[in-house]
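Read-outs: derived from the displayed coordinates by stated rules, not from any lab. Model, not experiment: these values are computed from the prediction. Virtual Cβ from ideal backbone geometry, glycine too; neighbours counted across all protein chains shown.
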């Protein structure tokens, strides 16, 4: 029986926090202690402890760091608590993009940090294969409070695959993740996050991103499994000239899931570009797909696309696309469409020999197919593999 | 192969087909002429079994089996294939996936695409950003992979330039086994407005449809010449 009240939708943030015990009170687990069930769960979240196609691995279980190593000299990977010791508290980066007083969750993380990762690509360092990071909750009724900082130094190129997961038998948990990403001049950061939570898990990421001149930030977010409640609204500031931000997300909300996500991009740099694409499916759960583009500089281009499929008679998809222009010389657009799968699409496949159920699942798989243009093939393969693993058992 | 008996069909409560009779034998290709809105496309959609085409009277028999109320995919499995005139775009579903579906998961699709110079479309989302001609090719490739015994084509030449018309013509000839003269097995029903396709594919019989009824049937070239000379008005008079 879950020990946490599953009908706590109306709890205040403070009350929600009080329902969980700190992760520091749960056992920390060494990577060697993980069993096959754990490993499978991590694999389904894009984290493959045996793969040669990862340049480094950070694995945090509850509050403890189970693994942290990196094979490439040009990429620095540390638990954030160690990076803070090494770099004078990381004053330059910590709490600069996310306000510690934003809400109860940021305050909690500022006051009671469990850990988190610090990843930095040195200037000019370009790596194709990703660093993988995993924030794993393995014990019941725990609140995991992490703070992550990623710095892509000038001219570097860094790829990160993050799997956030709970143990399959876990009854309840709370994950709070504060993340601050810095993409410096001419650098690229491609960040792919796969969420694989349990049906009674609360998730509260708080993310800020800053991109300098000619910098590129790409975020891919995949959440295909049931989760009690997610509330995330990463905000990217395109501070530099000709900088770029792209957010792609693919979200499935089964019955009982309440997922409120989206992204905001503030375009401050002249000639900057932003694109937010979200594809959401409700199997009875509730999804709020937000998107907010703020154009503050000349010659910017920004596009927002929300597509939602309702696959059951119950459930909610609420698309909230917002465009906000502060200067005249901007090109901003959005399109949003929500509804059931078009009958003619199903019949098209049926005319080629599939029955209605097979046709529907072919369309759903296609809809969820995250195709990100311009990725190196090796990385694209890894992302597709991670998504394919995640789709298993859907 | 196909027998249509006194077929009456409603679309959205409106009577569109009014007592169609037609019989297509094994190895035969028939052409269907008629003005816009005469019911030609409705006939094809009804033969394929799509939702919204309600048979209120009559019977469709294919290979001796009553298929009047059979679901779409079972008709496809039984050997009916159709090229869509305006197929929907399936986001995230590649042409390669469609060919695999049509062929029952063998590699014929890939080979066919290579043969017809269409390989670069294999990894494109099906119909997304395809031109009119590309849609026709994609549809015919899917049909070749599916290899139906009865092919239904709705204006295969529309929107296709002269150069591509040759390729489209070749594909249809292959589908309908036009190079086999004895013991041909494949049958077809082709809707055509312009009759161009008759320069590439010979037809055994032509039918003129007006107002949901077949007004005349006979030699397709003669019928087409008549339509070109006198228009469909003459057909209407002919029936009266």
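Numerical summary
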| quantity | calculated |
| --- | --- |
| FRET efficiency for residue B:123 and residue A:112, using Cβ-Cβ distance with R0 set to 51 Å, rounded to 0.05 | 0.55 |
| Two-site FRET efficiency, residue A:40 against residue A:384, from Cβ-Cβ distance with R₀ of 25 Å, rounded to 0.05 | 0.85 |
| Relative contact order (%) - criterion: Cα under 8 Å, at least six apart; region: region B:2-239 | 26 |
| Rounded FRET efficiency, nearest 0.05, which uses the C-beta distance separating residue B:233 from residue A:323 and R0 of 51 Å | 0.40 |
| Along principal axes, Cα extents of region A:296-343, largest first, whole Å | 44, 19, 9 |
| Volume per residue of the C-alpha convex hull in the protein assembly as shown, rounded to whole Å³ | 188 |
| Average Cα contact separation per residue, chain A, under 8 Å, 6 or more apart, as relative contact order % | 11 |
| Euclidean distance between Cα centres, region A:289-320 to region B:7-56, Å | 42 |
| Top of B:218, B:34, B:169 by mean-square fluctuation, Gaussian network on chain B, Cα under 10 Å | B:218 |
| Ascending count of other beta-carbon atoms within 10 Å, so fewest first, for B:4, B:162, A:251 | B:162, B:4, A:251 |
| Semi-axis lengths, Å, region B:161-240, gyration tensor of Cα atoms, sqrt of 5 times eigenvalues | 26, 15, 10 |
| Whole-angstrom Cα spans of region B:1-96 along principal axes, big to small | 42, 31, 25 |
| Separation of alpha-carbon centers, region A:173-203 and region B:197-240, rounded to whole Å | 66 |
| Spin-label proximity, residue B:12 to region B:20-54 - amide N less than 13 Å from point 7 Å beyond Cα toward beta carbon | B:52-53 |
| Radius ratio Rg over Rh of region A:33-111, counting only Cα atoms, Kirkwood formula for Rh | 1.04 |
| Mean Cα-pair separation over length for region A:222-371, i.e. relative contact order, pairs under 8 Å, 6 or more apart, % | 19 |
| Convex hull volume per residue for region B:2-239, taking Cα atoms only, in Å³ | 125 |
| Radius ratio Rg over Rh of region B:77-168, counting only Cα atoms, Kirkwood formula for Rh | 0.93 |
| Proxy reagent accessibility, fewest Cβ within 10 Å first, across B:161, B:10 | B:161, B:10 |
| Ranking of A:37, A:313, A:305, B:139 by count of other Cβ atoms within 10 Å, fewest first | A:313, A:37, A:305, B:139 |
